[in-house]
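**Student:** The structure's right below; bear with me while I get my questions together.
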Amino acid sequence: MSWPVLPCAGQTSSRPQVLRSVAPETKRDARLEEAIRREFGNDGYSYAYNLVNLNKGTTPAALVYMPGSDYCGSGGCTSVIFAVRGGDYRLVSRFSLTRTPIIVSSHRTNGWNDLIVFVSGGGIQPGYYAVLPFDGKKYPENPTIKPAAPLRASVSGVAYLAGADKAEFDIVMTPR
């Protein structure tokens, strides 16, 4: 008797239904790059981003993925969210251990869409999808500890930063 092989055999969470996938933006954004420099310093690095409406506001937030050895480990990379406030991007959240794509869930907590990330590596076996709920000020910093939790319900969402792990989507910032 043969058994079907599932894409994530051993996975301990539900799988989100991806409604569509969105590749990273390719156009530079000077205001966003200033915000990234405020958060990470003036060293050289690369980033990928999408503009995403997370809170039903009129101005989308920037969901930024930071690939590269300075911001990644075996469990994933650092990502940040910046919202436009007063004409500039301001940090909303910084979280680690992310892999792309990052799924923006149709479910909302405290007025903002939940985020869903796949957690694996760094000794985590088997991998699983984790939900990052917004607490009214920010998203959890680490998808492996509370208030983040494994995805247990069927939920749909849009996968952003799809393909951001490919160098063709990196926007390179040189040191200042």
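Read-outs: derived from the displayed coordinates by stated rules, not from any lab. What you see is a predicted model, and the numbers here were worked out from it, not measured in a lab. Cβ atoms come from the backbone with ideal geometry, glycine included; neighbour counts cover every protein chain shown.
**Student:** Whole percent per 5 Å bin, from 0 to the bin with the longest distance: what is P(r) over all C-alpha pairs of the chain?
**Tutor:** 1, 8, 17, 22, 21, 15, 8, 4, 2, 1, 0, 0, 0
**Student:** Between ARG108 and residues 5 or more places away or on another chain, which pairs have amide H atoms under 5 Å apart, with H built 1.01 Å from N, and which residues are they?
**Tutor:** Long-range HN contacts for ARG108: ASP114.
**Student:** Output the 0 to 90 degree angle, nearest 10, between the alpha-carbon long axis of helix 30-40 and the longest principal axis computed from the alpha carbons of the chain.
**Tutor:** 70 degrees
**Student:** Can you tally the lysine pairs in the chain where the Cα-Cα distance is under 17 Å and the two residues are eight or more apart, or on different chains?
**Tutor:** 5
**Student:** Students often check this: by mean Cβ neighbours within 10 Å, which of 23-33, 135-145, 77-87, 109-119 ranks highest, and how do the rest follow?
**Tutor:** Ranked by mean Cβ neighbours within 10 Å, highest first: 109-119, 77-87, 135-145, 23-33.
**Student:** Calculated from DSSP H runs of 4 or more alone, at -39500 (n - 2.57) each and per residue, what is the 222 nm mean residue ellipticity of the chain, nearest 500?
**Tutor:** Helix contribution divided over all residues of the chain: -2000 deg cm²/dmol.
**Student:** For LYS137 and ASP29, what is the calculated FRET efficiency with R₀ set at 30 Å and r taken between the beta-carbons, to the nearest 0.05?
**Tutor:** 0.80
**Student:** ³J(HN,Hα) across region 59-65 via Karplus (A = 6.51, B = -1.76, C = 1.60, θ = phi - 60°), whole Hz, x for Gly/Pro?
**Tutor:** 10, x, 8, 9, 9, 10, 10
**Student:** OK, next. Non-local amide H neighbours of VAL119 (under 5 Å, H modeled in plane, Pro and chain starts lacking H): which ones?
**Tutor:** Under 5 Å from the amide H of VAL119 lie the amide H atoms of TYR128, TYR129, ALA130, each far enough along the sequence or on another chain.
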